[in-house]
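As structure tokens, the structure follows; a few thoughts come after it.
The values are calculated or read from the model by the stated rules, or taken from the named source; none is laboratory data. Owing to the predicted nature of the structure, the values given are computational and were not obtained by experimental measurement. Here Cβ is always computed from backbone atoms with ideal geometry, including for glycine, and neighbour counts include all displayed protein chains. These area figures cover heavy atoms from the full protein model, side chains too; ligands, DNA and RNA do not enter into them. Shrake-Rupley method; radii C 1.70, N 1.55, O 1.52, S 1.80 Å.
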Amino acid sequence: MPNSSSISEFLLLALADTRQLQLLHFWLLLGIYLAALLGNGLISTAVACDHRLHTPMYFFLLNLALLDLGCISTTLPKAMANALWDTRTISYAGCAAQVFFFVFFISAEYSILTIMSYDRYVAICKPLHYGTLLGSRACATMAAAAWSTGRRTTYP
């Protein structure tokens, strides 16, 4: 007799057993989420609107803010919903999607941080070559490579 069981959802460990602590966790997670949305939204708006900030460093900072928004928006809304509605399950497809997007955003974020460190290295150690090494085309290529690194990490 073959085993024909299949997984349709996962049970999650609760952060708290009492309703008051679950609501406290919801409000804390909501505060963290709104702070991240506000901070990254302000960074994105400032870099996009102020022409003095159209430099490679701020271009990479804009990409980092967008990746951070994606990363925090992958897991926190489900955690907040679980705390608010006192649920402890996640569907198999929902779990797979969360893992996929979280790994995508985290790996792309690490790539952007590496590129940002290279930007600072060139600015400090090779200031006369900065415009040549980090022109707009090179920055766009490096940012695209960072975003595609996340895709390559999730698809081997």
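Quick notes on this structure:
- Assigned charges on the beta-carbon of Lys, Arg, Asp, Glu; the stretch 78-156 dipole about Cα centre (debye): 160
- Counting only protein heavy atoms and using a 1.4 Å probe, the accessible area of residue 50 comes to about 50 Å².
- Prolate/oblate/rounded call for the stretch 28-146, Cα gyration tensor, a/c under 1.5 rounded: prolate
- Farthest towards the positive end of the charge dipole of the chain, among the residues 139, 26, 45, is the Cα of 139, using unit charges on the Cβ of Lys, Arg, Asp and Glu.
- Based on Cα contacts under 8 Å between residues 6+ apart, the chain shows a relative contact order of 29 percent.
- Options 61, 106, 85, ranked by Cα towards positive dipole end of the stretch 3-137, top entry (Cβ charges): 61
- Carbon plus sulfur fraction of accessible area for the stretch 1-148, probe 1.4 Å, in percent: 70
- Of the DSSP H helices in the chain, those whose Cα atoms cover at least 15 Å axially and whose Kyte score averages 1.0 or more: 19-49, 56-85, 92-125
- Extending 7 Å from Cα along the Cβ direction at residue 120 and again at residue 19 yields two label points whose distance is 4.9 nm.
- Within the chain: Cβ-based charge dipole about Cα centre, in debye rounded to nearest 20 (Lys, Arg +1; Asp, Glu -1): 360
- The residues of the chain present an accessible area of 65 Å² per residue when probed at 1.4 Å with all protein chains retained.
- For the pair residue 3 and residue 88, a Förster radius of 22 Å applied to the C-beta separation gives a FRET efficiency near 0.30, rounded to the nearest 0.05.
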